[in-house]
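One structure is given below, encoded as structure tokens.
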Amino acid sequence: MVDLGKLIEERIRDVDDYPKPGVVFKDITPLLADHVAFAGVVDAIVNHHGRGTIDKIVDIEARGFILAAPVAYHFGAGFVPVRKKGKLPARTHAATYDLEYGTETIEIHADAFESGDRVLIVDDVLATGGTARAAADLVRRCGGEVVGLSVLLELSFLHGRDKVGNLDVHSLVTV
């Protein structure tokens, strides 16, 4: 039997001073290249929440798209991208938030959800919590009901969980 937590930890590479000096970037490309690890991550997220419980999966550009799309497929749910400002073609809602190394603005299509859609936010990393909080606020503004946040990796030393309010946070690995 595979220890998924250990496998995930072994497949995430630290890259020092990227994208800025002092930041340790968590590179998930080795994990994505490993079929067992990648499939295990997708299955663990779906199994945690249970099939039939989610209407839409939301993810924030860009690495998390790789995780969120197969999760949506396995749920039988739609996929809604949250993109950086100016990247979506139709009418949007926007939110600006703080990162661990700057600020960012994200947008979502204003018509992405039906009222009451059960929405799971899936992302690769929970760091400061700003991205997840902004995404949850956008989902609610568009009429969706955020049922939780699932992440591959939680950087607990940045206290992001504290900033996402009462969201149900599911982390596969916490460092």
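The values are calculated or read from the model by the stated rules, or taken from the named source; none is laboratory data. What you are looking at is a predicted structure, and each value in this text was computed from that prediction instead of being measured. FYI the Cβ positions are ideal-geometry reconstructions off the backbone, even for glycines, and counts take in every protein chain you see. Just the protein is used for accessible areas: all its heavy atoms, side chains included, with ligands, DNA and RNA removed. Shrake-Rupley method; radii C 1.70, N 1.55, O 1.52, S 1.80 Å.
In whole Hz and in residue order, list the ³J(HN,Hα) couplings for segment 81-92 that follow from phi through the Karplus curve 6.51 cos²θ - 1.76 cosθ + 1.60, θ = phi - 60°; x for Gly and Pro.
Rounded to whole hertz, the list is x, 10, 10, 5, 3, x, 9, 9, x, 9, 4, 10.
What residues qualify as long-range amide H neighbours of V23, i.e. H under 5 Å apart, gap of 5 or more or another chain, H built at 1.01 Å from N?
Those qualifying (amide H under 5 Å, at least 5 residues apart or on another chain) are D17, Y18.
Over segment 3-159, consider all pairs of different Cα atoms and compute the Kirkwood hydrodynamic radius from their mean reciprocal separation; express it in Å, one decimal.
Working: mean 1/r = 0.0624 Å⁻¹.
One over the average 1/r among Cα pairs gives 16.0 Å for segment 3-159.
Of the DSSP beta bridges with both residues in the chain, give the percent that are antiparallel, rounding to the nearest 5. Before the final figure, lay out each step's value.
On the way: 14 of 35 bridges.
Counting DSSP beta bridges with both partners in the chain, the antiparallel share is about 40 percent.
How much length would be gained if the chain were fully extended between I66 and H93, taking 0.36 nm per residue of separation minus their Cα-Cα distance, in nm to one decimal? All intermediate terms of the calculation are to be shown ahead of the outcome.
Values: separation 27, 0.36 × 27 = 9.72 nm, distance 2.31 nm.
Value of the extension gain: 7.4 nm.
Is the C-alpha gyration tensor of segment 1-49 telling us rounded, prolate or oblate? Criteria: a/c under 1.5 is rounded; beyond that, a/b larger than b/c is prolate, otherwise oblate.
Values: a/c = 2.76, a/b = 2.23, b/c = 1.24.
It is prolate, given that a/c is not under 1.5 and a/b is the larger ratio.
Size of the dipole of the chain about the Cα centre, Lys and Arg at +1 and Asp and Glu at -1 on the beta carbon, nothing else charged, in debye to 20?
420
To the nearest 10 square angstrom, what accessible area does F75 show with a 1.4 Å probe?
Approximately 20 Å² for this residue.
Take S150, S171 and sort them by solvent-accessible surface of the protein heavy atoms, 1.4 Å probe, largest at the top.
Working: S150 0, S171 30 Å².
Per-residue accessible area, sorted high to low, gives S171, S150.
Go ahead and set up a Gaussian network model of the chain, Cα springs under 10 Å, then flag whichever of K87, K26, K163 fluctuates most.
In this elastic network of the chain, the residue with the biggest mean-square fluctuation among K87, K26, K163 is K87.
Over the chain, with the other protein chains present, what is the accessible area per residue in square angstrom, probe 1.4 angstrom? Before the final figure, lay out the partial values.
On the way: 8550 Å² over 175 residues.
Per-residue accessible area for the chain comes out at 49 Å².
Work out the length of the dipole vector of segment 102-175 about its Cα centre, built from +1 on the beta-carbon of each Lys and Arg and -1 on the beta-carbon of each Asp and Glu, and round it to the nearest 20 debye. Walk me through the numbers on the way to the answer.
On the way: 6 positive and 12 negative charges, 47 e Å.
About 220 debye.
Ranked highest first by the average count of other Cβ atoms within 10 Å around their residues, in what order do 51-59, 128-136 fall? Can you show the working numbers first?
On the way: 51-59: 20.0, 128-136: 23.1.
Listed from highest to lowest mean packing, they are 128-136, 51-59.
Once ligands and nucleic acids are excluded and a 1.4 Å probe is used, how much of L99 is accessible, expressed in Å² to the nearest 10?
40
At a temperature of 20 °C and a viscosity of 1.002 mPa s, determine how fast segment 77-149 diffuses translationally according to Stokes-Einstein, using the Kirkwood radius over alpha-carbon pairs as Rh; express D in µm²/s, rounded to the nearest whole number. Please report the intermediate quantities before stating the final value.
Working: Rh = 12.5 Å.
In µm²/s, the coefficient rounds to 172.
If one computes the Cα centroid of segment 34-75 and of segment 88-128, what distance in Å separates the two points?
Cα centroid to Cα centroid, the span is 17 Å.
Within segment 28-175, what whole-number % of the accessible surface is contributed by carbon and sulfur, with the 1.4 Å probe and all protein chains included in the calculation? Don't skip to the answer; put the middle values down first.
Working: 3190 of 6480 Å².
That share works out to 49 percent.
For segment 43-133, give the magnitude of the charge dipole about the Cα centre (Cβ charges: +1 Lys/Arg, -1 Asp/Glu; no others), in debye to the nearest 20. Each step should come with its number before you reach the end.
On the way: 10 positive and 13 negative charges, 34 e Å.
For segment 43-133, the charge dipole is close to 160 debye.
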